[in-house]
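*Asks:* Pasting a structure here, questions to come.
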Amino acid sequence: MTTSAYDQVAYPSYPFPASHPDRLAVAAHLSGIDAAGVKSCRVLELGCGAGGNILPLADTLPGSQFVGVDVSSQQIDEARHVCDAIGLTNLELLDRDILTLDKSLGEFDYVLCHGVFSWTTEEVRRKILSVCTTNLSPHGVALINYNTFPGWHLHNWVRDMIRTRALTFAGPAAQIREARTMIDVLIAAFKPQRQPHHGLLLGELENMKRYSDEFLFHAILNFQNQPFYLHEFVSCCEDHALRYIGDAEPALGWIGTVAHDTATQFSQLCPDQVVLEQHLDFVNNTTSRRSLLCRKSVAVSREEQAQRLAELHVSGSLKVASDTSDPNVSVFQNPAGRKIATRDAGLSAALLAVANAWPASVPYDTLTRDSDVGRSTWEPDLLNCHAAGIIEFNLRPSPCNRDLDERPATTRLARRQAANQDFVTNLRHQAIRLAPAQRQLLQYLDGTHTHAELATLTANNEATVIETLQQLAQQSLIACGDEDA
Ligand SMILES: C[S@@+](CC[C@H](N)C(=O)[O-])C[C@H]1O[C@@H](n2cnc3c(N)ncnc32)[C@H](O)[C@@H]1O
């Protein structure tokens, strides 16, 4: 199997919220790096496939320049087709092998490489790192996604069981079919859980059974799948004069993901950030990382994070939870079920302001100005809320509108996706599946139609249109006309 496997079986192409340049810019900012603003930056994506990640970025950041590279000409053609159909002029799509890239491609403020590093050869891996060294701008940030140990020890245990027989068949269709047969046979074998390891493997297999054919083929049957321990990856990066900043998913570096006593012991035993994060991976059985890198010459410091909050905007889809019996405790919950309980009046007021603003954001300074309580008491907690994925920080105001304009608009790409596929990419760079009525209405949201006109176009009454628009706004699909966003 070679990379042409991606021409044979197309890989589903999605947006990755963690790879949004604003997310990278925030991580850099909190680490003391002055990365480029996302409204006018240069972004390179290596292995961009059919453009699920780079197309919405180019669409929503028209003042920035994007280059996507992939060796699969079929997927690049697919991405070009969409690029032309929605009229993007800031995206160049190159049908090229990463191995052929050099300095002539220019410098980029952000380099993204998702789903490639573990699934390719050692030669290409080295080249990906050398592209980061050669083509990153002086304060540029790269994101490299890869599979990790220890999580992949368990995945590989099951992967080996599936591949052994399936790969004796020729061609993707037969291999996928036989892999599915073996998944069913093994689920039945482990279900009675006669031995201690059966429960673990059963969970893995049941999860794998839900994979799409395309994902099963590329993630499980693909010949290459090399996971790394974080410390191994960081050491390879250092060999290429690259410095580890942290992960694009802040939770992977957050000590709050382990029990309090363990956190205290880890803090004593692991004074170095990489060693600490490695031990968090051990406890959390991490399967995948999205590591952020900069040039070795750039200084990284997390010392003054609290002071750096002042330049940020805060957003979060939060609801006040009703399950508290103590009137002095406020509990906030996000749609993923993550909760924060606090007795701190300042933090509670700040989170309430964030909840009320959703899907728009609140400038951090407004939160502190409007709070009666000195901010230094709750700044560390706000940083923890960010690390826990309860709130988001951005370096620009949210591009999402909470209020319904007279002529509401979404993005060009979302309108096209609503007409052609089963998910759309929202303004937070997330893939969203819509109900049929939402999908129908979204296609008309080009900012030229009033609510009454939308009602006529969709054969609905105006009240229904407004209700559907409000649902779309809550899903971050209505753009705000604000030039600053
Ligand atoms: C598993 S897919 C990941 C696609 C997408 N980035 C994602 O994460 O969903 C790997 C992609 O990398 C591309 N690829 C693999 N090796 C490559 C190489 N040497 N040069 C350019 N593209 C490559 C494949 O064609 C494929 O589109």
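*Asks:* I'm trying to understand the selection: among the residues of segment 15-42, which are farther than 25 Å from Ala431 by Cβ, surrounded by fewer than 24 Cβ atoms within 10 Å (Cβ to Cβ) and of a type in the set (A, V, I, L, M)?
*Replies:* Leu30, Ile33, Ala36
*Asks:* Restricting attention to segment 312-366, and to residues there that are touching a residue at least 24 places away in the same chain (Cβ under 8 Å) and β-branched (Val, Ile, Thr), which single residue is farthest from Ile478 (Cα to Cα)?
*Replies:* Across segment 312-366, the extreme among qualifying residues is Thr342.
*Asks:* Would you check which residues across segment 1-44 are within 11 Å of the ligand (Cβ to nearest atom), small (Gly, Ala, Ser) and assigned to a loop (DSSP other than H, G, I, E, B) and list them?
*Replies:* Once the filter is applied, which keeps residues that are within 11 Å of the ligand (Cβ to nearest atom), small (Gly, Ala, Ser) and assigned to a loop (DSSP other than H, G, I, E, B), segment 1-44 yields Ser4, Ala10, Ser13.
*Asks:* Just one of the numbered conditions (1) at pLDDT below 95; (2) on the phi < 0 side of the Ramachandran plot; (3) touching a helix residue (DSSP H, G or I) at 6+ places or on another chain (Cβ under 9 Å) is not true of Ala336; which one?
*Replies:* Looking at each condition in turn, Ala336 falls short on (3).
*Asks:* For the subset of segment 302-330 comprising residues that are among the hydrophobic types (A, V, I, L, M, F, W, C) and surrounded by 18 or more Cβ atoms within 10 Å (Cβ to Cβ), which member is farthest from Thr368 (Cα to Cα)?
*Replies:* In this case the residue turns out to be Leu318.
*Asks:* How many residues are in contact (Cβ under 8 Å) with a residue 40 or more places away in the chain, surrounded by 19 or more Cβ atoms within 10 Å (Cβ to Cβ) and farther than 14 Å from Phe228 by Cβ if we restrict to segment 124-149?
*Replies:* Number of matching residues: 8.
*Asks:* Can Gln193 be described as within 30 Å of Glu78 (Cβ to Cβ) and of a type outside the set (Phe, Trp, Tyr)?
*Replies:* No, not satisfied.
*Asks:* Go through Ala431, Ala360, Ala409, Ala437 for me and flag whichever is in contact with a Leu (Cβ under 8 Å, 6 or more places away or on another chain) and among the small types (Gly, Ala, Ser).
*Replies:* Criteria check complete, one pass: Ala409.
*Asks:* Sticking with this one: Name the helices (runs of 4 or more DSSP H) wholly within segment 419-485 that hold at least 3 residues that are in contact (Cβ under 8 Å) with a residue 12 or more places away in the chain and within 30 Å of Phe393 (Cα to Cα)?
*Replies:* 436-442, 462-474
*Asks:* Tell me which helices (runs of 4 or more DSSP H) are completely within segment 111-220 and hold 3 or more residues being more than 16 Å from the ligand (Cβ to nearest atom), or say none if there are none.
*Replies:* Values: elements: 122-135, 151-166, 172-190, 198-209.
Ranges flagged: 151-166, 172-190, 198-209.
For every residue, the table says whether it meets (1) closer than 30 Å to Asp344 by Cβ; (2) polar (S, T, N, Q); (3) assigned by TED's automatic domain parsing to the domain that holds Ala336; (4) in contact with a strand residue (DSSP E or B) (Cβ under 6 Å, 6 or more places away or on another chain).
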site: Thr377; (1), (2), (3), (4): yes, yes, yes, no
site: Leu404; (1), (2), (3), (4): no, no, no, no
site: Leu427; (1), (2), (3), (4): no, no, no, yes
site: Glu467; (1), (2), (3), (4): no, no, no, no
site: Cys480; (1), (2), (3), (4): no, no, no, no
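*Asks:* Mind listing just one residue for me: the one in segment 181-204 that is farther than 24 Å from Thr120 by Cα and in contact (Cβ under 8 Å) with a residue 24 or more places away in the chain and, of those, surrounded by the most Cβ atoms within 10 Å (Cβ to Cβ)?
*Replies:* Ile183
*Asks:* Here is a further query. Would you tally the residues in segment 88-110 being near the ligand (Cβ under 8 Å from one of its atoms) and among the basic types (Lys, Arg)?
*Replies:* 1
*Asks:* Okay, next question. Name every residue in segment 50-87 that is surrounded by 21 or more Cβ atoms within 10 Å (Cβ to Cβ), away from the ligand (no atom under 13 Å from the Cβ), part of a loop (DSSP other than H, G, I, E, B) and hydrophobic (A, V, I, L, M, F, W, C), in order of residue number.
*Replies:* Within segment 50-87, just Leu61 meets the criteria.
*Asks:* Could you count how many residues in segment 391-414 are part of a helix (DSSP H, G or I) and surrounded by 22 or more Cβ atoms within 10 Å (Cβ to Cβ)? Walk me through it before giving the result.
*Replies:* First, pick out the residues of segment 391-414 that are part of a helix (DSSP H, G or I): 412-414.
With the extra rule that they be surrounded by 22 or more Cβ atoms within 10 Å (Cβ to Cβ), the set shrinks to 413-414.
Adding up the residues that qualify gives 2.
The values are calculated or read from the model by the stated rules, or taken from the named source; none is laboratory data. A quick note: this is a predicted structure, and the numbers were derived from the prediction, not measured. Glycine gets a Cβ as well: all are built from the backbone with ideal geometry, and neighbour counts include every protein chain shown.
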